[in-house]
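What follows is one structure encoded as structure tokens, with my remarks underneath.
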Amino acid sequence: MASGSSTTNLPDAHIGNIAIKSKPSTKKTASLWKTLEEYLLDVFTLDPRLQNDSKSVMQTGLCDLRLSADARWPWLILVPRRADITEIFEPTPLDQVLLTFEIELVASALKTITGATKINVGALGNVVRQLHVHVIARFEGDANWPGPVWGFGKAEPYEDAKRDALIETLREALSS
């Protein structure tokens, strides 16, 4: 940058959720910048089973919010975008608070949207070790009511239009 110039009018650069106030000005710093960006974005990798069994709804402050592919229940999954976290007590204290806040937002929106009798929240991780939190709308008379959803029957896929409509409704509810 020229002497006396300022970075105040430059748009923020983003690495994940981190806003950086200025972009690199030399080829060397640009190379380092790219390395840092790749490192930060590659740290979190979604477990392939979660990737295959759900569809992303949106990114929240901490989590990848996903809709389970099983249409028997409106079933959301919050996956904190942090590497190598398997237990709910392992994230930093700040991330624990943020996770709790996001669970409340998602559960409240899901209950409002669906009119569910009960919202079930659970973090098991016995099969998929990556920390993820299930938020499931339950209704009297639904498949396996009042029993648990895990290990019951066979998953039923969403019709594309119904899945996409639910995702759009969730996005609208969580963005307002």
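The values are calculated or read from the model by the stated rules, or taken from the named source; none is laboratory data. In this text, all values refer to a predicted model and were calculated from it rather than measured experimentally. As a convention, Cβ positions derive from the backbone with ideal geometry for all residues, glycine included, and neighbour counts pool all protein chains shown.
Residue count for the stretch 102-117 satisfying the condition of being in a loop (DSSP other than H, G, I, E, B) and surrounded by 13 or more Cβ atoms within 10 Å (Cβ to Cβ): 2.
Can you spot a residue in the stretch 68-91 that is aromatic (Phe, Trp, Tyr), modelled with pLDDT of 95 or more and over 29 Å from Ala165 (Cβ atoms)? Scanning the stretch 68-91 turns up at least one residue that is aromatic (Phe, Trp, Tyr), modelled with pLDDT of 95 or more and over 29 Å from Ala165 (Cβ atoms). Give the residues of the stretch 120-142 that are β-branched (Val, Ile, Thr) and in contact with a strand residue (DSSP E or B) (Cβ under 6 Å, 6 or more places away or on another chain), sorted by residue number. Correct list: Val121, Val133, Val135, Ile136.
The set of residues in the stretch 80-131 being within 17 Å of Trp150 (Cβ to Cβ) and among the charged types (D, E, K, R) consists of Lys118, Arg129. Sub-7 Å Cβ pairs linking a first residue in the stretch 137-151 that is under 12 Å from Asn120 (Cα atoms) to a second residue that is buried (at least 17 other Cβ atoms within 10 Å of the Cβ) and of a type in the set (Gly, Ala, Ser), at least 6 apart or interchain, are Ala137/Ala116; Arg138/Ala116; Phe139/Ala116, ordered by first then second residue.
State the number of residues belonging to the stretch 71-100 that are touching a residue at least 12 places away in the same chain (Cβ under 8 Å) and either exposed (fewer than 14 other Cβ atoms within 10 Å of the Cβ) or on the phi > 0 side of the Ramachandran plot (or both). Adding up the residues that qualify gives 4. Do you know which of the residues in the stretch 131-150 that are assigned to a loop (DSSP other than H, G, I, E, B) and at pLDDT 95 or above is surrounded by the most Cβ atoms within 10 Å (Cβ to Cβ)? Once the filter is applied, the top-ranked residue is His132. Test Asn120 against the criterion of being assigned to a loop (DSSP other than H, G, I, E, B) and without any contact (Cβ under 8 Å) to a residue 40 or more places away in the chain, and give yes or no. Spelling it out, it is not the case that Asn120 is assigned to a loop (DSSP other than H, G, I, E, B) and without any contact (Cβ under 8 Å) to a residue 40 or more places away in the chain.
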